[in-house]
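> Just dropping this structure here.
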Amino acid sequence: MTEASGPRRVVIVGGGFAGLFAARALGKAPLQVTLIDRAEHHLFQPMLYQFATGILSEGKIAAPLRQLLRKHRNVEFVIAEVTGIDAAGRCVQARRPLGEPIECGYDYLILAAGVRQSYFGHDEYAPIAPGMKTIEDARKIRRRVFGAFEMAESATDPAERARWLTFALVGAGPTGVELAGQIREVATKTLRKEYRHIQPEDARVLLFDGGEAPLAMFGPKLSGMAARQLGKLGVELHMGSIVTHVDPAGLEVKDHDGKLTRYEAGNVLWTAGVEAPPLAAAVAKATGAQQDRAGRIVVGQDCTIAGHPEILVTGDMMSLDKLPGVAEVAMQTGLYAGRRVSHQAQGKAFDKPFKYRDLGSAAYISRGKAVVSAFKLNFGGFLGWWVWLFIHIGFLTGYRNRIGAVLGWWFAFTRDIRRERTFTIDDMPVPAGAYGGPAGTAPAVSADRSDAGPPRPP
């Protein structure tokens, strides 16, 4: 994969919005394009919480990269994890899923590897408090959310039952607010008549954040609107709270006065903070590039690394003018990088700096309620909810996914039905694992319900 003959070579690292848009922009250029990603699919991360709470399946928010790129005959997809680059030799170093090392030479390199969850120096929290950046993260959260109601139903001790019915979310940005609202809707609408020993609507959802208000980046008006709506849903807001400890039984937080408070919770979910992946540090070391506080690579107005005009950084991995880590930035930088490389590789001038066009932001709070900030307008409520629907339908990849999402929303929003609730309970966060075995192991014998006796009448 390191031959220098033939067309000019472009390597794209990452198959998110930035990488996909760059690949599509290069799809008809006389170039040899290789897109490398450790996952085989393109994922619409803003909708992960709806997969985690049973509204949509993974197939509605993700699509195989090979399928998306099948019409671009000059683009090859390689499933591998990029570990570093040789900037002087213009070579990308990676390893395949089974550990085989590979190298891929390039004339132009587009980095679009995104970011990962940040635990602010406490990576030991990760196994206890899963984040939500990948399909597997969302699967784990689905198991934790729906599994918690099952664990509460089977518990006989009131304190244990209350602990399982307590969900603590760390981080009140869009992901935390959307997930908190959905957990309350699951408890108060979807599951309210399905259990015999618990009242699902008794579930507590605690939302912690070190700031003064949820969705602070939307401004005081929309932030206040979000806080009021979350309060009506029953979400308990704990603003000005810094998490100092997390364990399987709950968490400890410190307020602005330094007071420590312990909260017992069967599930702690982490929705706060992001940081650049280790690849960013490897690239910075190889190129001499600067990194910001989150580890993202600082680039110039043309999205290139200083001294390396052949390397462009896009999307969340890029640090430029304090641009937010949202899908629209990734799309626009990916498209810009693809066009720039296409022109330069063909000997055409391309001197335009990157210019971001802010099309606004939106966050879902609850059924019929959302907040939208777009084109200097700030509004919410039912109108905001409709705008949110149209924005996210447009961002989904493929007409089939869009139609499927609309159907999933119709069942969830009009009939309280969440069809994508299937989960396994084997990895529930209990010391002995589910059914007394190690976490993640399957039972030796499957239960035969034929000898369980007649069902209990409702």
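The values are calculated or read from the model by the stated rules, or taken from the named source; none is laboratory data. Computed from a predicted model, the values in this text were never measured in an experiment. Cβ sites come from the backbone with ideal geometry, for glycine too, and all protein chains shown count toward neighbours.
> Could you figure out which of (1) in contact with a strand residue (DSSP E or B) (Cβ under 8 Å, 6 or more places away or on another chain); (2) closer than 25 Å to PHE395 by Cα; (3) surrounded by 19 or more Cβ atoms within 10 Å (Cβ to Cβ) isn't true of ILE305?
Unmet for ILE305, out of (1) in contact with a strand residue (DSSP E or B) (Cβ under 8 Å, 6 or more places away or on another chain); (2) closer than 25 Å to PHE395 by Cα; (3) surrounded by 19 or more Cβ atoms within 10 Å (Cβ to Cβ): (2).
> Given the criterion surrounded by 20 or more Cβ atoms within 10 Å (Cβ to Cβ) and part of a loop (DSSP other than H, G, I, E, B), identify the matching residue among ALA289, ALA294.
Of the residues listed, the single one that is surrounded by 20 or more Cβ atoms within 10 Å (Cβ to Cβ) and part of a loop (DSSP other than H, G, I, E, B) is ALA289.
> Moving to a separate point now. What number of residues within the stretch 52-83 are closer than 30 Å to LEU389 by Cα and free of Cβ contacts under 8 Å to residues at least 24 places away in the same chain?
2
> Shifting gears a bit: For the stretch 297-309, name all the residues that are in a loop (DSSP other than H, G, I, E, B) and more than 17 Å from ALA22 (Cβ to Cβ).
GLY300, GLN301, ALA306, GLY307
> Could you figure out which of (1) without any contact (Cβ under 8 Å) to a residue 60 or more places away in the chain; (2) surrounded by fewer than 23 Cβ atoms within 10 Å (Cβ to Cβ); (3) within 28 Å of the chain's Cα centre (by Cα); (4) outside any loop (DSSP other than H, G, I, E, B) isn't true of LEU335?
(1)
> So, one more: Give the residues of the stretch 234-282 that are surrounded by 21 or more Cβ atoms within 10 Å (Cβ to Cβ) and assigned to a helix (DSSP H, G or I), sorted by residue number.
Matches in the stretch 234-282: LEU279, ALA280.
> Right, here's the next one. Please specify each residue of the stretch 338-359 satisfying the condition of being under 25 Å from PHE218 (Cβ atoms) and in contact (Cβ under 8 Å) with a residue 24 or more places away in the chain.
Hits for the stretch 338-359 are PHE354, TYR356, ARG357, ASP358, LEU359.
Residue-wise test of (1) buried (at least 22 other Cβ atoms within 10 Å of the Cβ); (2) assigned by TED's automatic domain parsing to the domain that holds THR314; (3) acidic (Asp, Glu).
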position: ILE110; (1), (2), (3): yes, yes, no
position: ILE128; (1), (2), (3): no, no, no
position: LYS133; (1), (2), (3): no, no, no
position: ASP137; (1), (2), (3): no, no, yes
position: THR156; (1), (2), (3): no, no, no
position: PHE167; (1), (2), (3): yes, no, no
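> Next up: Can you tell me which residue is nearest to ILE393 (Cα to Cα) among those in the stretch 310-327 that are at pLDDT below 95 and not in a helix (DSSP H, G or I)?
For the stretch 310-327, the residue satisfying everything is VAL326.
> So which helices (runs of 4 or more DSSP H) are wholly in the stretch 1-116 and hold at least 3 residues that are farther than 26 Å from THR424 by Cα and not hydroxyl-bearing (Ser, Thr, Tyr)?
Numbers: elements: 17-25, 48-52, 58-61, 65-68.
Where helices (runs of 4 or more DSSP H) fall fully within the stretch 1-116 and carry at least 3 residues being farther than 26 Å from THR424 by Cα and not hydroxyl-bearing (Ser, Thr, Tyr), they are 17-25, 65-68.
> Continuing with this model, one more query. Only one of (1) modelled with pLDDT under 95; (2) closer than 30 Å to ASP86 by Cβ is not met by GLY147, so which one is it?
Condition not satisfied by GLY147: (2).
> Can you find, within the stretch 338-364, the residue that is farthest from GLY6 (Cα to Cα) among those that are surrounded by fewer than 22 Cβ atoms within 10 Å (Cβ to Cβ) and of a type in the set (Lys, Arg)?
My answer is ARG357.
> From the list ARG421, ARG367, ARG400, ARG415, which one is basic (Lys, Arg), surrounded by fewer than 16 Cβ atoms within 10 Å (Cβ to Cβ) and at pLDDT 85 or above?
Exactly one residue qualifies, and that residue is ARG421.
> Looking at ILE198 and the list (1) over 14 Å from LEU169 (Cβ atoms); (2) within 22 Å of the chain's Cα centre (by Cα); (3) of a type in the set (A, V, I, L, M, F, W, C), which single condition is not satisfied?
Evaluating ILE198 over (1) over 14 Å from LEU169 (Cβ atoms); (2) within 22 Å of the chain's Cα centre (by Cα); (3) of a type in the set (A, V, I, L, M, F, W, C) leaves (2) as the failure.
> Let me ask you something else. It is to be established whether one or more residues within the stretch 177-199 are within 30 Å of VAL326 (Cβ to Cβ) and assigned to a loop (DSSP other than H, G, I, E, B).
Within the stretch 177-199 (the criterion being within 30 Å of VAL326 (Cβ to Cβ) and assigned to a loop (DSSP other than H, G, I, E, B)), the answer is no, since none of the residues qualifies.
> Same structure again: How about the stretch 115-168: which of its residues are of a type in the set (D, E, K, R) and either touching a residue at least 40 places away in the same chain (Cβ under 8 Å) or in contact with an Asp or Glu (Cβ under 6 Å, 6 or more places away or on another chain) (or both)? If you could, list the steps in order and put the result at the bottom.
Looking only at the stretch 115-168, we keep the residues that are of a type in the set (D, E, K, R), and these are 116, 123-124, 133, 136-137, 139-140, 142-144, 150, 153, 157, 160-161, 163.
If the condition is that a residue be of a type in the set (D, E, K, R) and either touching a residue at least 40 places away in the same chain (Cβ under 8 Å) or in contact with an Asp or Glu (Cβ under 6 Å, 6 or more places away or on another chain) (or both), then ARG116, LYS133, ASP137, ARG139, LYS140, ARG142, ARG143, ARG144, GLU150, GLU153, ARG163 are the ones that fit.
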